[in-house]
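Student: Take this structure first; my questions come after.
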Amino acid sequence: QNCNHHNAEAPNSEQAFHRMAQTEPNLDHDIPWFILPSYWAKTVVALISFLCFANSYDGDFVFDDSEAIINNKDLRAETPLGDLWHHDFWGSKLSSNTSHKSYRPLTVLTFRINYLFAGGFYPVGFHVINIILHCTISVLMVDVFSILLGGLQFSNKGRRLNLAPKTSLLAALLFAVHPVHTECVDGIVGRADLLCALFFLLSFLGYCKAFRESKEGHNFSIFWVLVSVILGAIAMLCKEQGITILGLNAVFDALVINKLNVLELLQKLLHKHKSLENAGLLRKGLLFRITLLMSGGASILYIRWRIMGTGPPAFTEVDNPASFADSLFVRAINYNYYYSLNAWLLLCPWWLCFDWSMGCIPLIKSVSDWRIIALAALWFCLIGLICQALCSEDSHKRRILTLGLGFLIIPFLPASNLFFRVGFVIAERVIYLPSIGYCILFTYGFSLLSKQAKKKKILAVAVLGILLINVMRCALRSSQWRSEEQLFRSALSVCPLNAKVHYNVGKNLADKGNQSAAIKYYREAVRLNPKYVHAMNNLGNILKERNELQEAEELLSLAVQIQPDFAAAWMNLGIVQNSLRRFEEAEQSYWTAIKHRKKYPDCYYNLGRLYADLNRHIDALNAWRNATVLKPEHSLAWNNMIILLDNTGNLAQAEAVGREALELIPNDHSLMFSLANVLGKSQKYKESEALFLKAIKANPNAASYHGNLAVLYHRWGNLDLAKKHYEVSLKLDPMAPGTKENYNLLRRKLEQLQKKGG
């Protein structure tokens with residue numbers, strides 16, 4: 001039975017169609033797979049892709065989500081929309097030397113819309129959009145694979161025909177359930193890859209529409225070619241990889257529309273063959289269309305370069321150690337090893353990790369390293385596929401293998417280190433698009449095996465088993481992406497040599513108050529990477545809080561020695577030196593921190609505390625004032641100003657500062673308490689009482705609030721209420737300083753009054 005004319009999209013009346021080329025073998029003929037109408041095929045793909053990642057919908061913000069979303073000011077309504085076009089993905093100015101130069105304004109815009117609709121940082125909405133995007137992309141893949149595997153043909157009514165309904169469904173399912181996609185779908189920052197992929201596919205489908213009215217490829221729509229270029233530009237504004245679709249459209253045009261034989265064309269070029277003039281290159285407008293694509297791509301890249309303003313970002317050795325190797329041989333060997341690991345993640349996506357840097361993959365430094373085998377295997381397979389793609393006599397085979405390799409390799413080029421240094425060793429998110437090529441090659445390989453196999457049903461069961469395993473793996477990996485604790489701990493078994501993994505586990509434990517366990521992981525991070533300054537800083541901070549000051553000072557001193565512009569470590573070193581009563585050194589450390597980070601309110605706050613300890617009251621007030629100018633909601637700085645002015649008898653000034661602070665932070669109960677104390681001393685009892693009561697309502701279990709309100713009532717002569725609040729204060733904190741003595745004084749006074757009354 002000949003399946004070439006099977007049409008899963010159009011009724012039988014539309015089976016008459018014009019073709020782009022001669023009839024070719026159909027992959028569906030021998031494949032033991034089920035066939036579904038187009039609508040049902042897309043519904044199945046959508047449901048299964050949803051099933052894989054649905055359990056991540058109510059996950060937290062994890063890993064990079066904090067920097068890209070929670071700490072990104074570009075998401076907030078007060079930031080002008082125009083700033084998005086001048087900032088990078090993380091909210092930094094593109095012109096800044098510290099910018100990563102990742103220019104993705106449309107992705108950030110979707111985050112901002114999410115934030116506005118949710119009314120804050122609630123992760124559910126962000127996760128739901130990511131899941132919907134992946135389902136949409138997976139559905140589009142049915143159409144994309146039907147073209148890539150079955151060819152581009154239209155009915156007489158201009159309707160595209162699906163000549164490979166079985167293989168396109170299988171390839172789309174493979175894409176939908178691939179576990180390597182979990183980082184893109186479950187990590188909210190993966191939105192960049194999802195949006196890029198969406199417009200990438202729309203650009204490809206738009207380019208295909210340019211030939212809807214064409215016959216034998218002679219006529220085409222310039223409008224749809226330009227639409228394809230615009231969609232490619234939009235894809236690049238979501239993530240940099242998007243620009244590669246223009247190259248893939250050119251490859252598709254050459255292979256599918258013009259049926260070029262690449263090897264034959266190269267031979268003619270080398271020998272300057274006379275028949276070159278009659279090649280399809282010019283006859284079917286291919287050269288013109290490629291010129292349009294290249295001009296569009298060059299214009300997009302030029303505009304992006306102008307916006308970026310400066311050179312490439314400055315990454316560190318721990319981000320991508322191979323790129324810092326002195327030897328060209330070492331760099332080349334390790335880059336190729338990274339490629340082989342990416343290929344392995346596509347073939348066997350079992351060992352997945354949120355971060356592959358910082359020693360996770362030790363450098364290959366000699367040819368005696370057994371891992372060289374992986375490079376040999378990769379290039380053996382690639383060279384074999386390339387030879388078949390170029391030299392096979394079967395034009396159908398040449399086309400599918402070349403398209404598969406094109407979609408596998410071309411979208412990966414921006415992450416390959418070939419054109420510029422990238423800031424990672426391996427990143428699962430960057431193989432979201434290349435996995436399209438993998439699915440093409442896998443499906444084609446399955447069709448070839450099916451053609452040769454006698455027991456086709458066993459093959460079908462094996463493929464169904466792979467799909468089922470991938471679905472379960474996706475669900476398991478999605479559950480790990482639900483929280484930072486699960487995500488970080490899942491990496492310990494995959495990358496035990498990765499210092500960043502241990503650092504993140506430690507940080508997560510420290511945030512939950514488990515300092516003892518955090519210390520263990522921070523120490524391991526420093527052991528694995530003795531120059532890991534962030535781990536030293538965090539470990540020093542915990543040791544400082546545990547009063548292990550000597551070791552804390554050693555760690556922080558080493559951190560600033562390794563990275564002299566590490567402002568946070570300088571500040572923490574200053575705090576330790578202050579605790580050791582080495583005040584001059586502490587002051588110098590604070591000023592060094594401020595030198596490296598001009599807008600550092602916390603450092604000004606700590607500098608003010610140092611000056612207060614030295615009775616340099618004016619300097620302390622100035623430092624705290626600087627902290628509040630830089631960060632108006634800095635409650636501790638405001639409080640310290642009020643308390644210092646109160647203690648030095650400047651009640652009027654203390655009152656003015658307190659009122660100013662409460663205007664900026666009206667719901668801060670500690671500020672209410674401090675100002676209430678000042679007003680009480682100024683004999684403004686009624687206003688003081690109102691503030692005390694408001695502070696107690698906000699924080700009813702603060703013993704000092706009840707105790708000081710009792711003192712106010714005591715002074716005011718309202719003895720019964722004073723007695724009540726003294727008793728509440730002592731109940732909350734029996735050891736509260738001064739409260740018991742004041743309560744005893746009040747009791748004696750009440751006893752005296754009772755005797756007089758008697």
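Student: Do you know which of the residues in segment 728-758 that are assigned to a helix (DSSP H, G or I) and within 53 Å of the chain's Cα centre (by Cα) is surrounded by the fewest Cβ atoms within 10 Å (Cβ to Cβ)?
Tutor: Lys731
Student: List pairs: first residue in segment 246-261 and under 11 Å from Ser395 (Cβ atoms), second residue in a helix (DSSP H, G or I) and polar (S, T, N, Q) anywhere in the structure, Cβ distance under 6 angstrom, at least six positions apart or on different chains.
Tutor: Every condition considered, the pairs that remain are Leu255/Thr402.
Student: Still on this structure, I have one more. Name the single residue that is surrounded by the most Cβ atoms within 10 Å (Cβ to Cβ) among those in segment 108-156 being in a loop (DSSP other than H, G, I, E, B) and out of contact with any Cys (no Cβ under 7 Å at 6 or more places or on another chain).
Tutor: Among residues in segment 108-156 that are in a loop (DSSP other than H, G, I, E, B) and out of contact with any Cys (no Cβ under 7 Å at 6 or more places or on another chain), the one surrounded by the most Cβ atoms within 10 Å (Cβ to Cβ) is Gly151.
Student: So, one more: Working carefully through the options Arg482, Arg489, Arg523, Arg546, find the one that is open to solvent by 70 Å² or more (accessible area, probe 1.4 Å) and at pLDDT 95 or above.
Tutor: Criteria check complete, one pass: Arg523.
Student: Tell me, yes or no, whether segment 668-690 has at least one residue that is out of contact with any strand residue (DSSP E or B) (no Cβ under 8 Å at 6 or more places or on another chain), closer than 29 Å to Leu746 by Cα and of a type in the set (Phe, Trp, Tyr).
Tutor: yes
Student: Something else now. So, Asn578, is that one among the polar types (S, T, N, Q) and in contact with a Phe, Trp or Tyr (Cβ under 8 Å, 6 or more places away or on another chain) or not?
Tutor: In short, no.
Student: Filtering segment 254-267 down to residues that are surrounded by 15 or more Cβ atoms within 10 Å (Cβ to Cβ) and in a helix (DSSP H, G or I), which residue is modelled with the lowest pLDDT?
Tutor: Leu265
Student: Looking at Ala54, Ala46, can you tell me which residue is more than 23 Å from the chain's Cα centre (by Cα), over 29 Å from Arg306 (Cα atoms) and either open to solvent by less than 10 Å² (accessible area, probe 1.4 Å) or modelled with pLDDT of 90 or more (or both)?
Tutor: Ala46
Student: Something else about it: Can you confirm whether Ile303 is open to solvent by less than 70 Å² (accessible area, probe 1.4 Å), among the hydrophobic types (A, V, I, L, M, F, W, C) and in a helix (DSSP H, G or I)?
Tutor: Spelling it out, it is not the case that Ile303 is open to solvent by less than 70 Å² (accessible area, probe 1.4 Å), among the hydrophobic types (A, V, I, L, M, F, W, C) and in a helix (DSSP H, G or I).
Student: Could we say that Arg473 is among the charged types (D, E, K, R) and surrounded by fewer than 21 Cβ atoms within 10 Å (Cβ to Cβ) here?
Tutor: Judged against the criteria, Arg473 is a match.
Table: residues versus (1) among the hydrophobic types (A, V, I, L, M, F, W, C); (2) surrounded by fewer than 24 Cβ atoms within 10 Å (Cβ to Cβ); (3) without any contact (Cβ under 8 Å) to a residue 12 or more places away in the chain.
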site	(1), (2), (3)
Asp646	no, yes, no
Gln653	no, yes, yes
Gly658	no, no, no
Ile665	yes, yes, no
Leu675	yes, no, no
Lys681	no, yes, no
Phe692	yes, no, no
Ala698	yes, yes, no
Leu709	yes, no, no
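Student: Another question, then. Would you confirm whether or not segment 670-684 contains a residue that is at pLDDT 90 or above and more than 19 Å from Asp646 (Cα to Cα)?
Tutor: For segment 670-684, residues at pLDDT 90 or above and more than 19 Å from Asp646 (Cα to Cα): absent.
Student: Being part of a loop (DSSP other than H, G, I, E, B), open to solvent by 70 Å² or more (accessible area, probe 1.4 Å) and touching a strand residue (DSSP E or B) at 6+ places or on another chain (Cβ under 9 Å) is the filter here; which residues of segment 73-103 pass it?
Tutor: Passing the criteria: only His86.
Student: Now for a separate question. Condition check: assigned to a helix (DSSP H, G or I), under 28 Å from Val678 (Cβ atoms) and within 30 Å of the chain's Cα centre (by Cα). Does Asp602 satisfy that?
Tutor: So Asp602 fits the description; yes.
Student: Here's something else I'd like to know. Does Cys381 meet the test of being without any contact (Cβ under 8 Å) to a residue 40 or more places away in the chain and of a type outside the set (Gly, Ala, Ser)?
Tutor: Answer is yes for this residue.
Student: Something else about it: Name the residue that is nearest to the chain's Cα centre (by Cα), counting only residues in segment 348-366 that are in contact (Cβ under 8 Å) with a residue 24 or more places away in the chain and exposed (fewer than 14 other Cβ atoms within 10 Å of the Cβ).
Tutor: Among those residues, the one meeting the criterion is Trp351.
Student: Looking at segment 523-546 only, could you name the residues that are charged (D, E, K, R) and over 18 Å from Leu580 (Cβ atoms)?
Tutor: Arg523, Glu524, Arg527, Lys531
Student: Considering only segment 608-623, I want to know if a residue exists there that is out of contact with any Leu (no Cβ under 7 Å at 6 or more places or on another chain), open to solvent by 20 Å² or more (accessible area, probe 1.4 Å) and within 29 Å of Asn514 (Cα to Cα).
Tutor: Yes, segment 608-623 contains at least one residue that is out of contact with any Leu (no Cβ under 7 Å at 6 or more places or on another chain), open to solvent by 20 Å² or more (accessible area, probe 1.4 Å) and within 29 Å of Asn514 (Cα to Cα).
Student: Here is a follow-up. Would it be correct to say that Val251 is at pLDDT 85 or above, under 23 Å from Phe420 (Cβ atoms), surrounded by fewer than 24 Cβ atoms within 10 Å (Cβ to Cβ) and over 27 Å from the mean Cα position of the chain (by Cα)?
Tutor: The answer is yes for Val251.
Student: If you don't mind, there's one more thing I want to ask. Name the residues in segment 167-201 that are touching a Ser or Thr at 6+ places or on another chain (Cβ under 9 Å) and open to solvent by 10 Å² or more (accessible area, probe 1.4 Å), would you?
Tutor: Val189, Leu195, Leu198 - these are the residues of segment 167-201 that are touching a Ser or Thr at 6+ places or on another chain (Cβ under 9 Å) and open to solvent by 10 Å² or more (accessible area, probe 1.4 Å).
Student: Which of the residues spanning segment 627-638 are part of a helix (DSSP H, G or I) and either hydrophobic (A, V, I, L, M, F, W, C) or buried (at least 21 other Cβ atoms within 10 Å of the Cβ) (or both)?
Tutor: Ala627, Thr628, Val629, Leu630, Leu636, Ala637, Trp638 - these are the residues of segment 627-638 that are part of a helix (DSSP H, G or I) and either hydrophobic (A, V, I, L, M, F, W, C) or buried (at least 21 other Cβ atoms within 10 Å of the Cβ) (or both).
The values are calculated or read from the model by the stated rules, or taken from the named source; none is laboratory data. The structure displayed is predicted, hence computed values, not measured ones. Positions of Cβ are generated from backbone atoms using ideal geometry, with glycine treated the same way; all protein chains shown enter the neighbour counts. The accessibility values were calculated without ligands, DNA or RNA, using every heavy atom of the protein model including side chains. Shrake-Rupley method; radii C 1.70, N 1.55, O 1.52, S 1.80 Å.
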